[in-house]
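The next block holds one structure in the form of structure tokens; read it before the comments.
The values are calculated or read from the model by the stated rules, or taken from the named source; none is laboratory data. Values in this document were obtained by computation on a predicted structure and should not be read as measured data. Positions of Cβ are backbone-derived with ideal geometry, glycine not excepted, and every protein chain shown enters the neighbour counts. Accessible surface is based on the protein model in full, side chains and every heavy atom, while ligands, DNA and RNA are left aside. Shrake-Rupley method; radii C 1.70, N 1.55, O 1.52, S 1.80 Å.
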Amino acid sequence: MEQATNPTIAIIGSGKMGEIITYRLLETKFTTASNIITTDHDENRLKLIEDKFGVQTSTDNTIAVEKADIVILCIKPQNTSSVLSACSEAFHPDKICVSIMAGVTTEILERYLPDNTPVIRTMPNTCGRIGKGMTVLTKGSKATDEHLAKITAIFNSLGETEFLDEKHFDAVTALSASGPAFVYLFIEAIADGGLKCGLPRDVAIRMAAQLCQGAAAMVSETGQHPALLKDEVTTPAGCTIDGLLEMEAGGIRVTLIKAVAEAARRAKELGQ
């Protein structure tokens, strides 16, 4: 595949994730503003993006695709048909089509594109804004390992990357992409617990955020199962076991499992 060393990247849709990808590509110096073109139907939104990042902008997706070597679809799943039907002819085998859309499979995307157009499906999350994201990638039937490597390099600018079979993507969407919202709710709730016990709100939130960061690092860096690390904190007849008992009585474990399962069900539904 012939492609420029510093490819032109079209970001179709300048919502939250489109903006995060733009920001990180520039922040990490992966590319320059002159090599990014973003699109949106809202001219005011494009003006904001242009003023903020200095990138090219357009309300015409076809023009953006024609200019690009790599096209990243940051649109809502329900807009797949309308967007790709309008600009599909601008794709060809030398352009890589990348999707961050929940539920939309590589097979579905390939139906809209010319034969042999390589498709890479990804699922990033919003923690990529600070370089702490997780992106899972998989490749379509026409994509090669070389295509996958090029797109992995882009998403490395957002944080960690992982490769999985596409059959796992609904679960990935639920756990990794929706997951930050679940954790934010936990941080808010546990900080409110500190507030109830007399801590100032700003102190409680800072402590809750730090304990989540520290606990997550313990899991990642020690490689130990969370249950073993939990046991290290839980002493006989201590205060931690009483707190854990209340959490279990409230059904927190079942609730979190069901939250991920329900989000996965909805992710699958979005692609249908």
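Simple point charges give the picture: +1 on the Cβ of Lys and Arg, -1 on the Cβ of Asp and Glu, and for the chain a dipole about the Cα centre of about 360 debye. Taking θ as phi - 60° and the Karplus parameters 6.51, -1.76 and 1.60, the scalar couplings of the stretch 248-264 work out to 5, 5, x, x, 5, 5, 5, 4, 5, 4, 5, 4, 5, 5, 5, 5, 5 Hz in sequence order, x denoting glycine and proline. Within the listed set 22, 255, 38, the residue fluctuating most in the Gaussian network model of the chain (springs between alpha-carbon atoms under 10 angstrom) is 255. Between 0 and 90 degrees, the angle of helix 43-53 with respect to the longest Cα principal axis of the chain falls at about 80 degrees.
Just checking the listed ones, 231, 51, 115: in the Gaussian network model of the chain with Cα springs under 10 Å, the one fluctuating most is 231.
Largest mean-square fluctuation among 106, 173, 234, in a Gaussian network model of the chain whose springs join Cα atoms under 10 Å apart, belongs to 234. Under 5 Å between amide hydrogens, built in the peptide plane, is the criterion, and for residue 37 it picks out 9, 10, 11 among residues at least 5 positions away or on other chains. Computed 3J(HN,Hα) for the stretch 104-119, one whole-Hz value per residue from the Karplus formula 6.51 cos²θ - 1.76 cosθ + 1.60 where θ = phi - 60°, is 8, 6, 5, 4, 4, 4, 5, 5, 8, 9, x, 3, 6, 6, x, 10, glycine and proline marked x.
Per residue, the solvent-accessible area of the chain (1.4 Å probe, heavy atoms of protein chains only, all protein chains present) comes to 55 Å². If you look at the Cα atoms of the chain, you get an Rg and a Dmax of 21.2, 68 Å. Each principal axis of the Cα cloud of the stretch 217-259 was taken in turn, and the coordinate range along them, longest first, works out to 31, 30, 12 Å. Excluding residue 53 itself, what net charge comes from residues whose Cβ is under 12 Å from its Cβ, given Lys and Arg +1 and Asp and Glu -1? Result for the neighbourhood of residue 53: -1. Restricting the calculation to alpha carbons of the stretch 1-124 gives Rg and Dmax of 13.3, 37 angstrom.
From the helices alone, meaning DSSP H stretches of at least four residues, give me the mean residue ellipticity at 222 nm for the chain, per-run term -39500 (n - 2.57), in deg cm²/dmol to the nearest 500.
On the way: 12 runs with 138 residues, N = 272.
-15500 deg cm²/dmol, from helical runs alone.
Calculate I(q)/I(0) for the stretch 40-106 by the Debye formula, one identical point scatterer on each C-alpha and no solvent, and give its log10 at q = 0.14, 0.19, 0.26 Å⁻¹ to two decimals. Rounded to two decimals, the profile gives -0.45, -0.82, -1.30.
Which percent of the accessible heavy-atom area of the chain goes to carbon and sulfur, probe 1.4 angstrom? Walk me through the numbers on the way to the answer.
Numbers: 8380 of 15040 Å².
Ligands and nucleic acids excluded, carbon and sulfur give 56 percent.
Extents of the stretch 189-268, taken as max minus min of Cα coordinates on every principal axis and listed largest first, are 43, 29, 27 Å.
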